Every structure is written in structure tokens, then in C-alpha cells.
1. Assuming R0 = 51 Å, can you tell me the calculated FRET efficiency for the pair E94 and K147, based on Cβ-Cβ distance, to the nearest 0.05?
2. Rounded to a whole number, what is D in µm²/s for region 325-379 from Stokes-Einstein with the Kirkwood radius over alpha-carbon pairs (25 °C, 0.890 mPa s)?
3. Angle, helix 506-515 long axis vs. longest principal axis of the chain, Cα atoms, 0 to 90°, nearest 10?
4. What Kirkwood hydrodynamic radius do you get for region 272-402 when you take the inverse of the mean 1/r over all pairs of distinct Cα atoms, in Å?
5. So in the chain, what percent of DSSP beta bridges are antiparallel if you round to the nearest 5?
6. Please list 458-468, 333-343 highest first by mean number of surrounding beta-carbon atoms within 10 Å per residue.
7. Mind giving me the FRET efficiency for D29 and Q554? R0 is 56 Å, r the Cβ-Cβ distance, nearest 0.05 is fine.
8. Straight-line reach from K117: which lysines have Cα under 26 Å away, leaving out those fewer than 8 places along the same chain?
Amino acid sequence: MKYFFLLLCCALTSCSQNKRLAEVNQYSDDPHSFSKPSEVQVKHLDLNLQVDFDKKLLTGKASWTIANLSGADSIIFDTRGLEIERVSLSDSTENAEYVLGPEDKLLGKALKIKINKDTDRVTVWYSTSPDAAAVQWLNPQQTAGKKHPFLFTQSQAILARTWLPCQDSPGIRFTYNATVSVPKDLLAIMSAENPLKKNEAGIYQFIQPKAIPSYLMALAVGDLEFKAIDDRTGVYAEPVSLKAAAWEFADMGKMVNSAEKLYGPYQWGRYDVVVLPPSFPFGGMENPMLTFVTPTVIAGDRSLVSLIAHELAHSWSGNLVTNATWDDFWLNEGFTVYFERRIVEDVYGEEESKMQEVLGHEALKETMADLGHSHEDTRLHLELAGRDPDEGMTDIAYEKGYFFLRALEDAVGRERMDAFLKEYFAKHAFQSLTTEQFVTYLDQHLLNGDEALRAKISVEEWIYKPGIPAGMPVAVSNQFSLIDSVVIAWKKEVRSEGLKSHLKSANEQLYLIKRLPQSLSVSDMTKIDQEFGFTQSGNAELNAAWFLHAIRNQYQVANPAIEEFLIRVGRRKFIIPLYTEMAGTDEGKRWAKKVYKQARPNYHSVSYNTIDDLLEN
Ligand SMILES: [Zn+2]
């Protein structure tokens, strides 16, 4: 996924929650799942769902093929907010016994179903609740086309259980088939082999023949059409956005070829992308075979397509080799950012990947400053028991993870690094890994007992200690260094005319915005805006970075654009910093609350839960 924004948490709350969870969760090594996979494990899912837009409900049955490894007398699923109608075992039509455990606000309820040692299948008839946290129901006004409703799911990290009774841990994998019924004028697509067009009946079949963890279960339903990019890549989008989306993502095929050249064959068949409405809370979500993306990457100039490289890279790091628990999240994201920048380097050149590396370094520095260098959440390996795993989804996993791999590359050379990674993906394909297992593998296959090398890289410090280790690789971009000198000159004269001729690309302009002084006069802001047109830019990255300055420096000309942006866009990476900045003053907070009242219905739960807290809504 890309990107989550930092969430600060209260240490006291975490502590008391820890204790509570220690009592309720004796089931597995994953502190965020009730299931006991060492006893009974799911292997395959046959899912049958009806989508009801009027009632905002998914109703149907989940039939799980299971392996009873220990002869256990029950199987445990994770559920949250599900209405369980009945349960049956194997081919029997009789109702089976089950019990729902006490409710945990974060984890939901354990669904414990009585089985015997020969039970090979368990079927659960159920429906979701209208406010299921994974599912966002959009009315026609909230879509690009404004004519039809839309729904999409976001299961990562532990929200699959809000629309599917499942063993909701990234360490447990299963294959699935699904049948989904939707209103006739809409198309359903999933993280699976997908239909290319609508059918008369509105009933769609899906097959995912590769074993995936529950957080990669995904469904989108809307007025969607498909356009091929090449033989194995393509784009789904609402008809009004399809042409622009296909143009923006024209390099997808090249990216898949480049990724394969780096780290081995793409294992999932097709690679398609669906462009969601602007309320999608993330940049992208790497649902297998079908990446979900925000429309805010459609800038009209292909300047933000590194996001596709990121989600595609997850087809190896994350979807093929998966973090075993959310404490190991950096294994998904650090590797993916490294892989992403290698694809970008291959497809768009070294200078482009260097610029992104510098921007990543800037983001890491900001996160370190926010959290503090000794904060335990600045370790790569996290301890999230008792807390929402979303709290671990900061730039630490992404960028500290990236720079750790860069440090490894610098120490052993690119050739050895690439051979190591290629073998790592091949050996652990369709498996999950803990941080400890990775460290052992690293010792055996890259460091090879070379103590000098081990000391040079300081693996322990990178992974288990807070802060940034000394000797972190330096990120340098020649183009950005040029901008630094332009900014220094500008600070002396504050003359903005002609600046744009030096700073043409979106990357360069974004870097400029990030390099501007925190305090700027309205007159300076006006001059910069006249030169670059940031307030009215169609590039959401530039908008969001510029609006932070506008709010801070009371550049009120931008207020209508800020309000429009916050009401239209639900991407956390953009809106949480903006609301945070607004909430910095009393007057700003009143403004934020006023805008939020109008914007909140457009946000997914993972966005509005954070902002509710932020604004004490
Ligand atoms: Zn990611």
C-alpha cells in the first residue's frame, strides 16, 4: 500500500490495551487475530455474495475448505460487525453449533464453530453491517460519472473480517472462487481473474488460483469499463475517466517487464489497475492481479506513475512473500520501496529514481522529527499488540526499510544484492515470513558469517533499535542540488519570475515547495503562485504540499481550492497533514470542522477515524 500517514498514539492507552489483549488472545502468534492456525487452518474459500446498494449490505455465504491439523474440536474465525445467520459443516444441511465471543473494539468477535476431526468444510451464512469498516458505499454524486453508485473494499490491515468471516492474519493463505451478484448496470471486479465487461445478469464469477492472505481480499463494484494497455496489463475505470487513466498508465507493461528482469517471473497472470473514486483512502492497494488506485495519481503528465511501480512491486514483496504479522510490516513495504525505485530507474532513468529517493529521505526525516528519535515505533520490527496495526504504517516501514536495503546494497554491491533478492523471492514464494526468519535468511545467504560485513551493516541496530543508524546511505540528486542553489538565490531576492524555466517537472516543483521557508509573507506566496499556479494545479501532490504553506501563512486566496480539495479527495496522505495544519490554531480548527462536516461523508473509515480523533469530532 502507499502511503499511510503517521498516527500518534497514547502510550497509556496502549499499555492497558496490551493487558486486555493478553487475556483475550491466547490463540495465535499474530496478536491481531483470534484464529489458531496451528490447530485448524483454512485452505480455500468459495464465496457467494449479493450486493445491495439500497441497504448497504453484502449478504451471502462463505464456504471454507479447512485442514484440521491437530484433530481440534473447533475452528475460530475473525469477525467484526457481521450478522451470522447460520453455520453448517461439510455436506450436511443441518445447522452446526457456533458461538460468538465477547466483542473487542479493535479485533471484533471470535466466531468459534464446533467441528470434528473429519470436518473438511465449514459454511457460514452471513451479512455485513451497513457501516462495515472495510466497505465504502458511494452514492452517484461521489463518483466521477455521477450516475451510478459505487462500492469498494479496503481490507488491509485487519478489516477483511468486517465483510468476510475469515482467519484474518497475513500469515494464513488460501485460494478462492467467488460469485458476486450486483445491479445489472454495474460491473464487479475482485483481486482475482476478472471479467472484462458487464453481462446481462449482473452475476460475476471469480477465480484466484494462488494462495493469498485475507488482507488481499478485495471487491469493487461500479459503472466500470476496461481498456487494455497490452496483452497482460489494462485499466478499469468509470467511462468518463477511462481514456485519461489508460494514457497515464501506458507504461504498465514496460514496468512488469522491467520487474521480471530484476527479480524473476511475475506469478499472477494478468496485472490490471482499477481507478477508484477520489475517496479511496490510499495512493494504491496492491490487491493481487488488480491494483486499486486513487484518481489523484492521474496528473495528466504521467508524473506520479511511480505509484504503479510501487503497487506492481508488491506482486513480489508483500503478495508473494508476505509479512507474517503486522509487526513485520517493513518486510512488505521496505522491500517494495526498494523494488519500486529499481523499476523507476530501469524505466525512467537513474536521475528520476534519485529524485524519488531524496523525496523519500525528506519524508523519513519528517517522520523521525514527529515521532522522536528514541520512539519505539521508529524500529523496523514493531510491537503492535493491543494497538491498531494502522499505527505501524508510517514512513519508518517504507523509507527506513528502503534505506536499510540500500545500505545492504552499498555494502555487498548491486550484483550480489540482486542475486540475493531474486533467490529470496523464489524461495519464499507464497509464504509468510517473520522479521526473525528474514534475519536468519540474510545471515545465511548474504552475510555468510562475514562478521566484518555484519558489523559494517549493523543489522541489529537497523531492525531492532529506534532511530537512524550512523552511516545511513546519503540520498543525492544532481537536479535537486541545482534547485537548492536556486532557492538560496531566491531567498536573497525573492524574485519568482522566470523560476519555472529552471523547474519544469512535478518532482522538481514538489522539491521546491518542500524547500520553501516555513514562514512566507502573503506577498511572497502570491508571487510564487503567479509563477507556478500551484493553487490551481491539477497535480494533487503539488496541491497538498502547497496548501500546507497556504494554511500556515494565511494565504487565503487558496482557501476555496483547499476546501474543494478536502471535500473531493479522501486520500489520507494528503488530508491528514492538511487537517493537522488547520487544527494548529483556534480559528483554523473552526474552519477545519466546518469543512470536515461537509467532507466526512466522502471519506473511508480509515480516513475519518483518524480525523475524528484529530478534530475531537
Ligand atoms: Zn506498499
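1. For E94 and K147, the calculated efficiency is 0.65.
2. The diffusion coefficient I find is 195 µm²/s.
3. Relative to the chain, helix 506-515 is tipped by roughly 70 degrees.
4. 15.4 Å
5. Taking every DSSP beta bridge within the chain, about 75 percent pair in antiparallel fashion.
6. Going from most to least packed, we get 333-343, 458-468.
7. Values: r = 51 Å, r/R0 = 0.91.
Approximately 0.65, to the nearest 0.05.
8. Excluding near neighbours in sequence, the set is K36, K43, K61, K109.
The values are calculated or read from the model by the stated rules, or taken from the named source; none is laboratory data. Predicted model, so just to flag it, every value in this text is computed and none were measured. Reconstructed Cβ throughout: ideal geometry from the backbone, glycine too, with neighbour counts over all protein chains shown. Please note that ligands, DNA and RNA were not included when accessible areas were found on the heavy atoms of the full protein model with its side chains. Shrake-Rupley method; radii C 1.70, N 1.55, O 1.52, S 1.80 Å.
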